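Visitor: Below is the structure I would like to discuss, written out as structure tokens.
The values are calculated or read from the model by the stated rules, or taken from the named source; none is laboratory data. Source: prediction; values computed, not measured. Positions of Cβ are generated from backbone atoms using ideal geometry, with glycine treated the same way; all protein chains shown enter the neighbour counts. Each accessible area value is taken on the protein alone, full model and side chains, heavy atoms only, with ligands, DNA and RNA left out. Shrake-Rupley method; radii C 1.70, N 1.55, O 1.52, S 1.80 Å.
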Amino acid sequence: MNIIIKSLTILAAAALSTSCGSFPGSKPPVKPATPAPAPTPVKKITKPTISSNAALAKRVLNHPKITLLRKQVSGRVDGASSYHNIASVARGYSAKRSSYGNAPGGYTKLRSQMLQTMLYLADTKGYKYRVTSIAGGSHSRTSRHYAGIAFDVDMINGRKVGYSNPYYKALMRAGRAKGATEVLGPGDRAHSSHVHIAWPR
Ligand SMILES: [Zn+2]
């Protein structure tokens, strides 16, 4: 009987010695299950939207087919012209709004989709055109311009926008194809001399 107990003890000891410390006696007390903390979002060093917008704006700014008016259509020089808007965004800043008429003042971002469309019109569609207004200028009180999601064009391929301009309709279509939902031009009220292309809010 003693021998049996002894050998059992030895066997048990052998079993325990190969268990790599996982036998119940050595286990640390199991902590009660607590909900895992929500993973903290990894902060990115770069701001992709802003940096890509800056890159897009830089391309618009330097594009040989895109002319950016350096003053308001009204003649004012207030740092909120289409040129100033694009130049600011190209440097990583927001675009300035005008502070006269219906314009609310302050600043806004420009939507990348709009900047991409500006490049698309020149690069892919081959238009040479002039932008008269983006975030600046005085428009209707609730204009999308103030939100940085609209731009105006008054010259296409060297010709003023108007009924006789042979390009404006196709340019408007191209804007719609790029997601613009408010596309106005000759035939629409207050748009006899420019095309307005705007994206949804
Ligand atoms: Zn407009």
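Visitor: Can you tell me which residue among Tyr167, Tyr146, Tyr107, Tyr127 is over 29 Å from Gly92 (Cα atoms) and among the hydroxyl-bearing types (Ser, Thr, Tyr)?
Guide: Just a single option satisfies the conditions, and that option is Tyr167.
Visitor: Here's a follow-up. Within segment 98-119, track down each residue that is in a loop (DSSP other than H, G, I, E, B) and either open to solvent by less than 50 Å² (accessible area, probe 1.4 Å) or among the hydrophobic types (A, V, I, L, M, F, W, C) (or both). Can you show your working first?
Guide: Initially, segment 98-119 is screened for residues in a loop (DSSP other than H, G, I, E, B), giving 98-106, 109-111.
Residues satisfying the conditions are Ser98, Tyr100, Ala103, Gly105, Gly106, Leu110.
Visitor: Just for segment 154-201: of the residues that are charged (D, E, K, R) and outside any loop (DSSP other than H, G, I, E, B), which one is nearest to Ser133 (Cα to Cα)?
Guide: Among them, the one singled out is Asp154.
Visitor: Moving on to the next point. Would you confirm whether or not segment 87-96 contains a residue that is at negative phi and within 13 Å of the ligand (Cβ to nearest atom)? Explain how you work it out, then say what you get.
Guide: Going residue by residue through segment 87-96, those that are at negative phi are 87-91, 93-96.
Narrowing the set further to residues that are within 13 Å of the ligand (Cβ to nearest atom) leaves none.
The answer is no; no qualifying residue exists.
Visitor: To continue, here is another question. Taking the criterion of being farther than 18 Å from Lys65 by Cβ, more than 17 Å from the chain's Cα centre (by Cα) and more than 16 Å from the ligand (Cβ to nearest atom), would at least one residue in segment 155-165 satisfy it?
Guide: yes
Visitor: Please go through (1) closer than 30 Å to Val195 by Cα; (2) at pLDDT below 55; (3) open to solvent by 100 Å² or more (accessible area, probe 1.4 Å) for Ile50 and return the number of the only condition it doesn't satisfy.
Guide: The single condition Ile50 does not satisfy is (3).
Visitor: Something else: Of all residues in segment 173-198, how many are closer than 18 Å to Met114 by Cβ and either modelled with pLDDT under 95 or within 12 Å of the ligand (Cβ to nearest atom) (or both)?
Guide: Pass one, segment 173-198, residues closer than 18 Å to Met114 by Cβ: 173-185, 191, 194-198.
Right, trim to either modelled with pLDDT under 95 or within 12 Å of the ligand (Cβ to nearest atom) (or both) and you get 175, 180, 182-185, 191, 194-198.
The number of residues fulfilling the criteria is 12.
Visitor: Being open to solvent by less than 10 Å² (accessible area, probe 1.4 Å) and more than 13 Å from the ligand (Cβ to nearest atom) is the filter here, so list the residues in segment 120-150 that pass it.
Guide: Selection gives Leu121, Ala122, Tyr129.
Visitor: Follow-up question, since we're still on this one. Are there any pairs with C-beta distances below 6 angstrom linking a residue in segment 98-125 that is closer than 24 Å to Ile156 by Cβ to a residue that is open to solvent by 40 Å² or more (accessible area, probe 1.4 Å) and assigned to a helix (DSSP H, G or I), with the two at least 6 apart or on different chains, and if so which?
Guide: Going by the 6 Å Cβ cut-off, the qualifying pairs are Leu119/Arg59.
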